[in-house]
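Written below as structure tokens is the structure these notes are about.
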Amino acid sequence: MDNINTIIIFLGCIIGIILFGKIFVMPIKKIIKLVINSIIGGLIIVFINWIGTSFNLHIGLNIITSIFVRDTWNSWSNITYNI
């Protein structure tokens, strides 16, 4: 009798973990995508600042500008490819 209760609790925990995982998979994917896009946006800003020093151009590097630069970079590439 004690083994049956242990098996039922074990199976219930496995089902609970699966359901909990399915609920939070989508937000985790969005967070990972935001982090990757922020890193790429930061690298683009560093590149623009490196090139822009000869033209007296500077963009401040913080999380908001890196997300914005990456987002607009994607928008411009979509516009040029769709023409």
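If R0 is 25 Å, what FRET efficiency do you get for Val35 and Ile14 from their C-beta distance, rounded to 0.05?
Using R0 = 25 Å, I get an efficiency of 0.25.
Sort 28-35, 46-53 by the packing proxy (mean of other Cβ within 10 Å over each peptide's residues), most packed first.
Working: 28-35: 10.2, 46-53: 11.8.
Ranking the peptides 28-35, 46-53 by packing returns 46-53, 28-35.
A short reminder: the numbers here are calculations on the coordinates, not readings from a lab. Since the structure is predicted, the reported quantities are computational estimates derived from the model, not experimental observations. Positions of Cβ are backbone-derived with ideal geometry, glycine not excepted, and every protein chain shown enters the neighbour counts.
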